[in-house]
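First comes the structure, then the notes that go with it.
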Amino acid sequence: MNVSLIGTNGFMSNCIGKYCNEQGYFLDVYGRGEPKSHNYEQFFKLDLLSDNLRNQKFVNSDVVIYAAGGGIQFGLKEDVDAIYKLNVSVPISIFNILKDAGFNGTFITFGSYFEIGENIENISFAEQDLISTQLFAPTDYTISKRTLTRFFSSAHANFQFYHFILPTIYGENESKNRLIPYTLNSIYNNVEMKLTSGGQVRQYIYIFDAISLLFNSILANIESGIYNVPGIEEFSVKELVESLFNLADARVPEDIFGKTERADVGMKILKLNADKLLNCVKLKSETKIADVYQKYSFDS
């Protein structure tokens, strides 16, 4: 399989690169910097915000994966125009470029269950529910991802395309500012934590389980469209933090919750119904956080 990966050195792109290496896939990568954590055949320097996307060699690939994006990390100040360009304009442009080139492979993009918006109901959103939600979207990241998903809900092409809606993905080497590494670092290095009240409910899937499901969907040649990726585990933030302390055989401090606010606190419950995808492709592994938390490493 000849794979072109657009976006380098992000958590998702690095893990996709490693997976392709393990499977023996031919991998070309496109981005501003050469990948640091996996091998590849060719690197093409490409600034998605300024360079011409046409006449790129990815149109000759079997699979094109768009793994770039903006506004992913809460609290990180990013240019608003760049967020919308990376999350909406660029992937749509690539989709149209592939159409114009007579591409006959598979194009993959990603959405997020943050597109649900500020939900307080204990319900799981199927694809059509997510497409039609009018719940308040508190961030430009949420709005931009929602916009791209609605594009793909109406898009047509002669090639296969899959827009995967992701729950929370996690794994070793994810950003140290994300909840699991942030918690584990505080435990191992006795660093004070500042968390929200911890009531937000989230679904979690190990990054390599999600990527395996992605490639198995390609091999199964499922119908083009939008697919929710399943969450294997479900926790409130407080439950997850407490479970990590228990796994590390450490006492949970009494005063770590309710010390900060985040843009997603109004998103009380985010849950996906992934029956559509799981009826087409079986999940081959159900890794749990307890299985991999020891793979995280931190400087003392």
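The values are calculated or read from the model by the stated rules, or taken from the named source; none is laboratory data. Since the structure is predicted, the reported quantities are computational estimates derived from the model, not experimental observations. Every residue, glycine as well, gets a Cβ built from its backbone with ideal geometry; the counts of neighbours run over all protein chains shown. The accessibility values were calculated without ligands, DNA or RNA, using every heavy atom of the protein model including side chains. Shrake-Rupley method; radii C 1.70, N 1.55, O 1.52, S 1.80 Å.
With 5 Å bins beginning at zero, the pair-distance distribution over Cα atoms of region 163-300 amounts to 2, 9, 19, 21, 18, 14, 9, 6, 3, 1, 0 %.
If R0 equals 41 Å, the separation of the Cβ atoms of ASN60 and ASP249 corresponds to a calculated FRET efficiency of about 0.20.
Projecting the Cα atoms of LEU46, ILE83, TYR170 onto the dipole axis of the chain, where Lys and Arg carry +1 and Asp and Glu carry -1 at the beta carbon, places LEU46 farthest toward the positive end. Tell me whether region 1-44 comes out rounded, prolate or oblate; compute the Cα gyration tensor, take square roots of the eigenvalues as a ≥ b ≥ c, and use a/c under 1.5 as the rounded threshold. Note, shape of region 1-44 comes out oblate.
Please grab the % of Cα pairs in the chain that end up more than 35 Å from each other. Counting every Cα pair in the chain, those more than 35 Å apart make up 17 percent.
With r defined as the distance between the Cβ atoms of GLU22 and GLU234 and R0 fixed at 22 Å, what FRET efficiency is calculated, to the nearest 0.05? After rounding to 0.05, the efficiency reads 0.20.
Within straight-line reach of LYS282, meaning a Cα separation under 27 Å, sit the following lysines at least 8 residues removed in sequence or on another chain: LYS18, LYS145, LYS271, LYS295.
Where a ≥ b ≥ c are the square roots of the eigenvalues of the C-alpha gyration tensor, would you call region 51-156 rounded, which needs a/c under 1.5, or, failing that, prolate if a/b is larger than b/c, or oblate? Verdict is oblate for region 51-156.
A crude spin-label estimate for the pair ASN39 and ASN173, with each label 7 Å from Cα along the Cβ direction, gives 1.4 nm. Tally the DSSP beta bridges in the chain and give the antiparallel ones as a percent, rounded to 5. Beta bridges within the chain, antiparallel portion: roughly 10 percent.
First select every other residue whose beta carbon is under 12 angstrom from the beta carbon of PRO91; then total the charges, Lys and Arg +1, Asp and Glu -1. My count for the surroundings of PRO91 gives +2.
Rolling a 1.4 Å probe over the protein heavy atoms gives region 1-112 an accessible area of 46 Å² per residue.
Across the accessible surface of the chain, with the other protein chains kept in place and a 1.4 Å probe, carbon and sulfur atoms take up 44 percent. Multiplying the residue separation of THR139 and ASN52 by 0.36 nm and removing their Cα-Cα distance gives an extension gain of 28.5 nm. A simple spin-label model places the labels of VAL191 and ASP291 2.8 nm from each other, with each point 7 Å out along Cα-to-Cβ.
Estimated at 0.36 nm per residue, the fully extended path between LYS99 and ASN221 surpasses their Cα-Cα distance by 42.1 nm. What number, rounded to the nearest 500 deg cm²/dmol, is the helix-based mean residue ellipticity at 222 nm of the chain, given -39500 (n - 2.57) per DSSP H run of at least four residues and division by all its residues? Rounded to the nearest 500, the figure is -8500 deg cm²/dmol.
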